[in-house]
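Read the figures in this text as sums done on the coordinates, not as results from a lab. Keep in mind the model is a prediction, meaning the values are calculated, not measured. Note: ideal-geometry Cβ built from the backbone for every residue, glycine included; neighbour counts use all protein chains shown.
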Amino acid sequence: MDKKSKKFLYEYLNNASPTGFESSGQKIWLEYMKPYIDTYISDTYGTLVGVINPDHKYKVVIEAHADEIAWFVNYITDDGYIYVVRNGGSDHMIAPSKRVNIHTSKGVVKGIFGWPAIHVRVGKEETKPEVKNIFIDVGCTSKKQVEKLGIHVGSVVTFDDELMDLNKKYVTGRALDNRVGGFMIAEVARRLKESKTELPFGLYVVNAVQEEIGLRGAEMIAARIKPDVAIITDVCHDTTSPMYDKKVSGDHKSGDGPVLTYGPAVQNNLLEMIISVAEKQKIPFQRAAASRSTGTDTDAFAYSNEGVASALISLPLKYMHTTVETVHYDDIENVIKLMLEFLKNLKSGHDFRYIK
């Protein structure tokens, strides 16, 4: 990864972009994308699309989602403590003792998830973290003091954690799910431009909002673009770290390549084409199975309009929905390569139907 890419990765992922409040991160992403696209689309709720060859009728999407899990202020006590509800799939178990940023119209207010000391949590009745009992302390002793800081019910809260490298092989931090996907699709656009690759179709590089609360941004933009093909990238579980059951979650390891998913929403002819590209280019890959939905924006694209040939390329990730989400740099590179080589091999007008 060159210096320009690394700088973008760190700037983009360190920025807070909670579900429903993605605009600051989207601006960073778009500024990076502008030299590599012909135009862009911005929809009402904040999804961005970088477009290459906008006049072509055959439309291909590569997509990631831009939002991260967070919290909402739900209740402020008379003595100044703040209780929260989830914004997306936030994990209450990791909250105690974490530092947070509360986003207000006056700027960021620093706070902490407090927790009673181990000395008073003894015996069988030891208190466990739950959404209803975790609380934030911002150094105030009254509700009035809290509100004076600009905090109110509905203020959004993110964890105060930033990226770092692990052993020069991994990158770890919050929000890799799935802004690392936004990074990867941006790198695909950059490499297409820098290699002067002329695509025979329109390419729509989609950075969708609100995936974490039900694929909402993807649903909206799929209906607007009406693509012919969609390649979605998201994260999946690295199941080799402790406490995973491979019989339930499959066998996927960071560093062993992108994970390609089989499932009803995945169009098999498209999947086989991606596998063929990976094998031809000697790009390592792994396989996964989804019993019903994939749980990713793939589902939103696949079942939109009259049905879109869709596939999922996943990045193995350790410790999902924590502040130490961790991925391997080799996997990032190989996801980028696989999407790039697929686009180079796809012909305009390709018909993915099973029966013609």
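Per DSSP H run of at least 4 residues, take -39500 (n - 2.57); add these up for the chain, divide by its residues and hand me the 222 nm value, nearest 500 deg cm²/dmol.
Numbers: 9 runs with 98 residues, N = 356.
My calculation for the chain gives -8500 deg cm²/dmol from helical runs alone.
Does the range 207-324 come out rounded, prolate or oblate by the C-alpha gyration tensor, with a ≥ b ≥ c the root eigenvalues, rounded set by a/c under 1.5 and, if not, prolate when a/b is larger than b/c and oblate if not? All intermediate terms of the calculation are to be shown ahead of the outcome.
Working: a/c = 2.00, a/b = 1.30, b/c = 1.53.
Here the range 207-324 falls in the oblate category.
Can you list the lysines whose alpha carbon is less than 19 Å from that of Lys196, not counting same-chain residues fewer than 8 positions off?
Lys4, Lys34, Lys337, Lys344, Lys347
For the range 146-233, what log10 I(q)/I(0) values come out of the Debye formula at q = 0.14, 0.18 1/Å, with one point per alpha carbon and no solvent?
-0.77, -1.02
I'd like the GluC sites (Glu not before Pro) in the range 96-163 restricted to DSSP loop residues with at most 15 other Cβ atoms within 10 Å, sorted by number.
Working: sites: Glu125, Glu126, Glu130, Glu147, Glu162; in loops: Glu125, Glu126, Glu130, Glu162.
Passing both the DSSP loop test and the Cβ count: Glu125, Glu126, Glu130, Glu162.
Explain nothing, just the number: relative contact order of the range 18-84, from Cα pairs under 8 Å at least 6 residues apart, as a whole percent.
On the way: 59 pairs, mean separation 20.9, N = 67.
That works out to 31 percent.
For Ala288, what residues show an amide H to amide H distance below 5 Å, using hydrogens built from the backbone and excluding near sequence neighbours?
For Ala288, the qualifying residues are Leu260, Thr261, Tyr262.
Sequence-distant or interchain residues sharing an amide H contact under 5 Å with Asn87, placed H: which?
When sequence neighbours closer than 5 places are left aside, the close amide H contacts are Ala70, Trp71, Phe72.
Roughly how tilted is helix 268-280, in degrees to the nearest 10 and between 0 and 90, from the longest Cα axis of the chain?
Around 80 degrees separate the two axes.
Under 1.5 on a/c is rounded, so check that first for the range 1-129, then, if it is not, pick prolate when a/b is larger than b/c and oblate when it is not; a ≥ b ≥ c are the square roots of the alpha carbon gyration tensor eigenvalues. Mind showing how you got there, number by number?
Working: a/c = 2.71, a/b = 2.53, b/c = 1.07.
Prolate.
What is the packing order of peptides 60-69, 306-315, taking the mean over residues of other C-beta atoms within 10 Å and listing the highest first?
Values: 60-69: 27.7, 306-315: 23.3.
Packing proxy ranking, top to bottom: 60-69, 306-315.
Over the chain, calculate the relative contact order: mean separation of alpha carbon pairs under 8 Å at least 6 apart, over the residue count, as a percent.
On the way: 788 pairs, mean separation 77.2, N = 356.
Rounded, it is 22 percent for the chain.
Using Cα atoms only, what is the angle between the long axis of helix 176-194 and the major principal axis of the chain, expressed in degrees (0 to 90) to the nearest 10?
30 degrees
Taking just the alpha carbons, could you work out the radius of gyration and Dmax for the chain, both in angstroms?
Using the Cα atoms of the chain, the pair Rg, Dmax is 21.3, 70 Å.
Per residue of the range 227-244, what does 6.51 cos²θ - 1.76 cosθ + 1.60 with θ = phi - 60° give for ³J(HN,Hα)? Whole Hz please, x for Gly and Pro, Karplus curve as stated.
x, 8, 9, 9, 10, 9, 10, 8, 9, 9, 6, 6, 9, 8, 6, x, 6, 9
For Val100, what residues show an amide H to amide H distance below 5 Å, using hydrogens built from the backbone and excluding near sequence neighbours?
Gly111, Ile112, Phe113, Asp160
Quick one: Karplus J couplings for the range 292-300, per residue in order, coefficients 6.51, -1.76, 1.60, θ = phi - 60°, nearest Hz, x for Gly and Pro?
Each residue's phi maps through the Karplus curve to give 10, 7, 7, x, 10, 5, 3, 4, 5 Hz.
Under 1.5 on a/c is rounded, so check that first for the range 1-66, then, if it is not, pick prolate when a/b is larger than b/c and oblate when it is not; a ≥ b ≥ c are the square roots of the alpha carbon gyration tensor eigenvalues. Spell out each step's value before the answer.
On the way: a/c = 2.32, a/b = 1.30, b/c = 1.78.
Oblate, because a/c is 1.5 or more while a/b does not exceed b/c.
Hey, what angle do you get for helix 216-225 against the long axis of the chain, alpha-carbon based, 0 to 90 degrees rounded to 10?
30 degrees
Among Tyr45, Phe72, Pro35, which residue has its Cα furthest toward the positive end of the charge dipole of the range 1-91, with +1 on Lys/Arg Cβ and -1 on Asp/Glu Cβ?
Pro35
Please list, in order along the range 21-27, the HN-Hα scalar couplings obtained from phi with the Karplus expression 6.51 cos²θ - 1.76 cosθ + 1.60 (θ = phi - 60°), rounded to whole Hz, x for Gly and Pro.
Listing the rounded values in order: 9, 8, 4, 5, x, 5, 5 Hz.
State, in angstrom, two size descriptors of the range 70-159 derived from its alpha carbons: Rg to one decimal place and Dmax to the nearest whole number.
13.1, 44
How much of the DSSP beta bridge set in the chain is antiparallel, as a percent to the nearest 5? Working shown, then result.
Details: 43 of 68 bridges.
Antiparallel bridges make up about 65 percent of those DSSP assigns within the chain.
If contacts are Cα pairs under 8 angstrom and at least 6 residues apart, what is the relative contact order of the range 59-101 in percent?
Values: 34 pairs, mean separation 13.8, N = 43.
Reported as a whole number, the value is 32 percent.
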